[in-house]
Amino acid sequence: DIGNDEQLYECPMCSLTCTNIQILQEHVDLHLEEHSFSEGGNIRDLELAQWLQTEEDNRQRSEEEKREREEFKKLQRQYGLDNSGGYKQQFLKSMEKEVDRGKMQPFEYHKRKADMMECLAFGIDDGKTKTSGVIEALCKYYENENKDVRHVWLSTGVDHFHSSLGDRGWGCGYRNFQMLLSSLLQNSSYNDCLRDTMLIPSIPKIQSMIEDAWREGFDPHGASHFNNRLHGSKAWIGACEIYSLLTSLRIKCQIIDFHKPTGPMGTHPRLFEWVLRYYSTDNEGGAKVVCTSKPPIYLQHQGHSRTIVGIEEKKNKTLCLLLFDPGCPSQEMQKLLKQNSDGTGLRLLRKFVGSLKEKQYQIVAVDGVLSLEEKAARCHASRILTSEKIP
């Protein structure tokens, strides 16, 4: 009532004053319609946001699964587990490419194919990547070296094997086993263990030998990683496979795991010290050059392996490993047989502490012969623990 007795009606939602109840009703209805539309809009916005988020989650999940599949296939290819064939298939394909490029004549292709098939049939290496006599040449060189080497310890004689057309990119583990075996075959202490392996086996034969070790019960965890099959593949092998194979042959060996750096800048001085003890124990005489009776050492790190054939101690007490690398072609290794007086060819072999800076290294070291009972015990133990940790 505003003084002239006219009735006023106030909107309960916005306090607007009306003089007519019908107008007020229409006004309130508009409020309600607007509120209902707003709520519906909010609901629709929420549903849309949830749908968009679900679609984004599905897209990311799909992309992640695709990346995982591609990464898995990449790893399969990298480690030779992609069913793309093995040594024989790669050898033939590599030779076919050489013929296509005009680098190999067809008659040579057929001759080398026939030679390869014969060697594979007998399970022996063709010896075409082998270099012999390097240890003997090193011994002569060090005897005349008068600069900075105080002592040097060398393994027993060992042949160098490098990768061929059939195993380039994946065969280093097998080639290092061939090197180690070439040394053991020259040591009469291992004649009984190796009476069935008097010649260096081919890579496919080594693969079959590792499978035989798995069937005996060695390293079931490692075997499952390869689905219990190596033959016919380009699968990389490492220290555990070498250990299993050697032990199955009754050759006493151990894996030493240098699982973290022990020196500055990611270096592994304790690895060098271990190798020095290995070669110098029982060989600590005053001679500058010591040609020991010790077999070479298998050295593994991520993606590659090599063979330790000796160690230098410089006059300033620093240590330097001598390594045979399967990636080094025989043409380069042959130069060591004609070692000149300045020793420049030794750069192929020498590795100082600062040169080995991988995160982790493993070595396999041979130390005698196992009895049948010891072999059985090690087979059982390998199912539980195959490496000794160096803290």
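The values are calculated or read from the model by the stated rules, or taken from the named source; none is laboratory data. Every value quoted in this text rests on a predicted model; they were computed, and no experiment measured them. Please note: Cβ atoms are built from the backbone with ideal geometry, for glycine as well, and neighbour counts cover all protein chains shown. Keep in mind that these areas ignore ligands, DNA and RNA; they rest on the heavy atoms of the full protein, side chains included. Shrake-Rupley method; radii C 1.70, N 1.55, O 1.52, S 1.80 Å.
Quick check: anything in the stretch 297-308 among the basic types (Lys, Arg) and in contact with a helix residue (DSSP H, G or I) (Cβ under 7 Å, 6 or more places away or on another chain)?
Yes: one or more hits.
Answer yes or no: is there a residue in the stretch 139-162 that is touching a Ser or Thr at 6+ places or on another chain (Cβ under 8 Å) and β-branched (Val, Ile, Thr).
Yes, the stretch 139-162 contains at least one residue that is touching a Ser or Thr at 6+ places or on another chain (Cβ under 8 Å) and β-branched (Val, Ile, Thr).
Given the conditions (1) in a helix (DSSP H, G or I); (2) buried (at least 22 other Cβ atoms within 10 Å of the Cβ); (3) in contact with a Cys (Cβ under 9 Å, 6 or more places away or on another chain), report the number of the one that Leu181 does not fulfil.
Answer for Leu181: the failing condition is (3).
Being open to solvent by less than 60 Å² (accessible area, probe 1.4 Å), over 31 Å from the mean Cα position of the chain (by Cα) and at pLDDT 90 or above, is that true of even one residue in the stretch 110-117?
Step one: list which residues in the stretch 110-117 are open to solvent by less than 60 Å² (accessible area, probe 1.4 Å), which gives 114-116.
Subset that is over 31 Å from the mean Cα position of the chain (by Cα): 114.
Retained after the next criterion (residues that are at pLDDT 90 or above): 114.
Taking every residue of the stretch 110-117 in turn, at least one turns out to be open to solvent by less than 60 Å² (accessible area, probe 1.4 Å), over 31 Å from the mean Cα position of the chain (by Cα) and at pLDDT 90 or above.
When the residues of the stretch 129-144 are narrowed to those that are part of a loop (DSSP other than H, G, I, E, B) and in contact (Cβ under 8 Å) with a residue 60 or more places away in the chain, which ends up nearest to the chain's Cα centre (by Cα)? Talk me through it step by step, then tell me what you get.
Taking the stretch 129-144 and keeping what is part of a loop (DSSP other than H, G, I, E, B), we get 129, 132-133.
Adding the requirement that they be in contact (Cβ under 8 Å) with a residue 60 or more places away in the chain leaves 129, 133.
On the way: Thr129: 22, Gly133: 29 Å.
Out of the qualifying residues, it is Thr129.
Exactly one condition in (1) free of Cβ contacts under 8 Å to residues at least 24 places away in the same chain; (2) open to solvent by 10 Å² or more (accessible area, probe 1.4 Å) is not met by Leu249; state its number.
All conditions pass for Leu249, except number (1).
Which of the residues belonging to the stretch 195-217 are open to solvent by less than 20 Å² (accessible area, probe 1.4 Å), of a type outside the set (Val, Ile, Thr) and modelled with pLDDT under 95?
Gly217
Does Ser155 meet the test of being in contact (Cβ under 8 Å) with a residue 40 or more places away in the chain and open to solvent by 10 Å² or more (accessible area, probe 1.4 Å)? Outline the logic, then answer.
On the way: in contact (Cβ under 8 Å) with a residue 40 or more places away in the chain: yes; open to solvent by 10 Å² or more (accessible area, probe 1.4 Å): no.
Taking the combined requirement at face value, the residue does not satisfy it.
Filtering the stretch 266-291 down to residues that are aliphatic (A, V, I, L, M) and at pLDDT 95 or above, which residue is surrounded by the most Cβ atoms within 10 Å (Cβ to Cβ)? Let's see the steps before the verdict.
First, the residues of the stretch 266-291 that are aliphatic (A, V, I, L, M): 271, 275-276, 287, 289-290.
With at pLDDT 95 or above added as a condition, the list becomes 271, 275-276.
Numbers: Leu271: 24, Val275: 22, Leu276: 17.
Once the filter is applied, the top-ranked residue is Leu271.
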